[in-house]
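The values are calculated or read from the model by the stated rules, or taken from the named source; none is laboratory data. This is a predicted model, so every value here is computed, not measured. Using ideal geometry, Cβ is built from the backbone for each residue, glycine included, and neighbour counts are taken over all protein chains shown. Remember, those area values only see protein heavy atoms, side chains included, never the ligands or the DNA or RNA. Shrake-Rupley method; radii C 1.70, N 1.55, O 1.52, S 1.80 Å.
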Amino acid sequence: MADDPKVLDSPEKIAETGERLYAERHKAALEKTHLGHFVAIDVLTGEAYVAEFPEGALGEARKKAPHGVFHLIRIGAPGTFKVSHGSHRHAFWSRPLRQSR
């Protein structure tokens, strides 16, 4: 068991554990063979599930470890997804999410 599940009580702790397991066990090999693919790391066991797309990695992980806790990483990238928006270009982003009553 990689980490005590009682200690993995927040998304931040799950991410930290997943990043550590990836760096220690999988990074060197996966960055040589699967650059740009996705890996789901089970933070409870340290197992890695690799696929070309995030849905594939998580699907394989859930199939083989239905009770696992997973951290998703894009192999060779600083982050799994790039998130951005331009509020000056689209009125949708500048409006409130909820109407006040």
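One table, with the values for the structure above:
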| read-out | value |
| --- | --- |
| Flag if LYS64 is open to solvent by 80 Å² or more (accessible area, probe 1.4 Å) and modelled with pLDDT of 95 or more | yes |
| Residue in region 18-52 that is most open to solvent (accessible area, probe 1.4 Å), counting only those that are among the charged types (D, E, K, R) and over 20 Å from LYS63 (Cβ atoms) | LYS32 |
| Whichever residue in region 17-55 is touching a His at 6+ places or on another chain (Cβ under 9 Å) and assigned to a helix (DSSP H, G or I) and, among such residues, is farthest from ALA77 (Cα to Cα) | THR17 |
| Check on GLU47, modelled with pLDDT of 95 or more and either among the aromatic types (Phe, Trp, Tyr) or in contact with a Lys or Arg (Cβ under 8 Å, 6 or more places away or on another chain) (or both) | yes |
| Among (1) at pLDDT below 55; (2) in contact with a Pro (Cβ under 8 Å, 6 or more places away or on another chain) - the single one SER94 does not satisfy | (2) |
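A quick yes/no check of all residues on (1) of a type in the set (Val, Ile, Thr); (2) modelled with pLDDT under 95; (3) within 13 Å of the chain's Cα centre (by Cα):
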| site | (1), (2), (3) |
| --- | --- |
| ASP3 | no, yes, no |
| LEU30 | no, no, no |
| HIS34 | no, no, no |
| ASP42 | no, no, yes |
| GLU60 | no, no, no |
| VAL83 | yes, yes, no |
| ARG89 | no, yes, no |
